[in-house]
Amino acid sequence: MPILRDYGAVLVADSGLSEEGLTQLKGQVTELVGRQGGKVVEVVSLGKKRLAYRIGKHPEGCYLQMKLQMPPAGVDGLTKMVRALERVVRWMILSGDAMPEPAAVPSKVEEK
């Protein structure tokens, strides 16, 4: 049995997704994590936020923060598969120690 390590991931999804679409995307990512020998421990929805800069045609996105447990060998494969999903604007995965707690993330962007 492979050794599972803790990881944190942030997924920015298309802001045009409905709640049902966002739930389906969470299910797809959970399935992909499972294919790589891991599991999703927790998913926190941080809501829709304006991006610091436009990514493609997206000025804003729906943020999801995830806690994962998976073997280190599966991280690269997972990243390639998640980035290939049509509704994913941006994906980042970090070791579990580097991930901030959801409460530390600002809830909205202040405009000047």
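Overview of results
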item: The range 5-98: relative contact order in percent, alpha carbon pairs under 8 Å with at least 6 residues between; result: 47 percent
item: The range 5-98: translational diffusion in µm²/s, Stokes-Einstein, Kirkwood Rh over Cα pairs, 10 °C, 1.306 mPa s; result: 119 µm²/s
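Bear in mind that the values in this text are calculations on the coordinates, not laboratory data. Just so it is clear, the structure is predicted and the values come from calculations on it, not from any experiment.
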